[in-house]
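Enquirer: I'd like to ask some things about the structure below.
The values are calculated or read from the model by the stated rules, or taken from the named source; none is laboratory data. Keep in mind that what you see is a predicted model, and the values were worked out from it rather than measured. Cβ coordinates were reconstructed from backbone atoms using ideal geometry, including for glycine residues, and neighbour counts include every protein chain displayed. Calculation scope for accessible area: heavy atoms of the full protein, side chains included, ligands and nucleic acids excluded. Shrake-Rupley method; radii C 1.70, N 1.55, O 1.52, S 1.80 Å.
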Amino acid sequence: MDKKRVVVFSQIDQTILERLQQQYEVQVLNPKSGDINEQIRQAVTNADGMIGSGRVLNESNLASAQQLKIISTVSVGYDNYDVDYLNQKKIWLSNTPHVLTETTADLAFSLLMSAARRVPYLDQWTKQGQWKRTAGTEQFGQDIFGKTLGIIGLGNIGAAVARRGYYGFNMDILYHNRREKPELAQPLAAKYCSMSELLQHSDFIVMAVDLNHESKALIGQAEFDQMQSHAVFVNIARGSVIDEAALINTLKQNKIFAAGLDVYTKEPLQESELFNLSNVVTLPHVGSATEETRKKMAELAYQNLVQALEGQIPRYLVNPDFN
């Protein structure tokens, strides 16, 4: 019996790749070998499954697929995938939720603290030999303990960030969501409020929403203008949930104290006015980038893929009913 064919469309954990190669006929795509979308178009013609992350997959590069059963993304987010088209083609899309919740929340709070205490700026200030006297007001940061933390998007990750603030820093928690989340909010004494109330009363604001039609450009200039002048803004969601130009304008005019960013409208971010600002911390989309978590994500994506290829229903499906 012929082995099923699997297309690996991005770099994945080496151990997982070796396991796949023992079970299936595996084709690993390489962007250095030419146009990656053309490689995808050719590879999916007779592929049964795909695994990877970070690629846009839609009708333009999947139309030639004849027997594709599943795309297993090594991520929680799935905004790179045209789910409506996958539904039409009867292709499952699986993801890797839960395993990166705590790691991403750690990163969010790292950004919050780094921006509030001006860690990157002071690191460079010290290394450049400017520490010639006691640090003055230009080097001062913001207190975190006992302040108000506003979470926009109280899902698993948003709640994990809130827990760190509530239990670790005695913070009051505000949250805004499409609907109230009493099961997550009550243990944290978190108050559900309007967007305007959250923006006006939070000392720290963390974006943790999913990217969808409703959340795209959710925070623009009007929203930034409602924030307090000492506010610290953190985005760990997706770059497109905010108006990046409006944030840059806000930071340049010092309308808020600082920002911490892990995501951007265009990634990888090669050039940006953000790089010229001392009141923003910029990280390269590393919310889940620890060795332990990435291995867990790869393992879960592997399990999803194998379950589908062996005739079972994968545990974590984005589109289980093709509706």
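Enquirer: Does ILE157 count as assigned to a strand (DSSP E or B), β-branched (Val, Ile, Thr) and at pLDDT 95 or above?
Expert: no
Enquirer: Would you point out which residue out of ALA222, ALA190, ALA208, ALA217 is small (Gly, Ala, Ser), closer than 21 Å to VAL263 by Cα and crowded, with 20+ Cβ neighbours inside 10 Å?
Expert: Testing whether each residue is small (Gly, Ala, Ser), closer than 21 Å to VAL263 by Cα and crowded, with 20+ Cβ neighbours inside 10 Å leaves just ALA208.
Enquirer: Please count how many residues of segment 89-112 are part of a helix (DSSP H, G or I) and either within 16 Å of VAL286 (Cα to Cα) or open to solvent by less than 20 Å² (accessible area, probe 1.4 Å) (or both).
Expert: Number of matching residues: 12.
Condition check ((1) at negative phi; (2) part of a strand (DSSP E or B); (3) of a type in the set (S, T, N, Q); (4) in contact with a strand residue (DSSP E or B) (Cβ under 6 Å, 6 or more places away or on another chain)) across all residues:
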{"residue": "ALA115", "(1), (2), (3), (4)": "yes, no, no, yes"}
{"residue": "GLN130", "(1), (2), (3), (4)": "yes, no, yes, no"}
{"residue": "ARG133", "(1), (2), (3), (4)": "yes, no, no, no"}
{"residue": "TYR175", "(1), (2), (3), (4)": "yes, yes, no, yes"}
{"residue": "GLU180", "(1), (2), (3), (4)": "yes, no, no, yes"}
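Enquirer: Considering each of VAL44, VAL26 in turn, give the residue that is farther than 29 Å from VAL280 by Cβ, in a strand (DSSP E or B) and touching a strand residue (DSSP E or B) at 6+ places or on another chain (Cβ under 8 Å).
Expert: Criteria check complete, one pass: VAL26.
Enquirer: Just to verify a result, which residue in segment 45-55, among those that are surrounded by 18 or more Cβ atoms within 10 Å (Cβ to Cβ) and within 27 Å of the chain's Cα centre (by Cα), is nearest to ASP2 (Cα to Cα)?
Expert: Residue satisfying both the conditions and the ranking: GLY49.
Enquirer: Still on this structure: Only one of these is of a type outside the set (A, V, I, L, M), under 18 Å from ASN87 (Cα atoms) and either in contact with a helix residue (DSSP H, G or I) (Cβ under 8 Å, 6 or more places away or on another chain) or surrounded by fewer than 16 Cβ atoms within 10 Å (Cβ to Cβ) (or both): GLN67, GLN27. Name it.
Expert: GLN67
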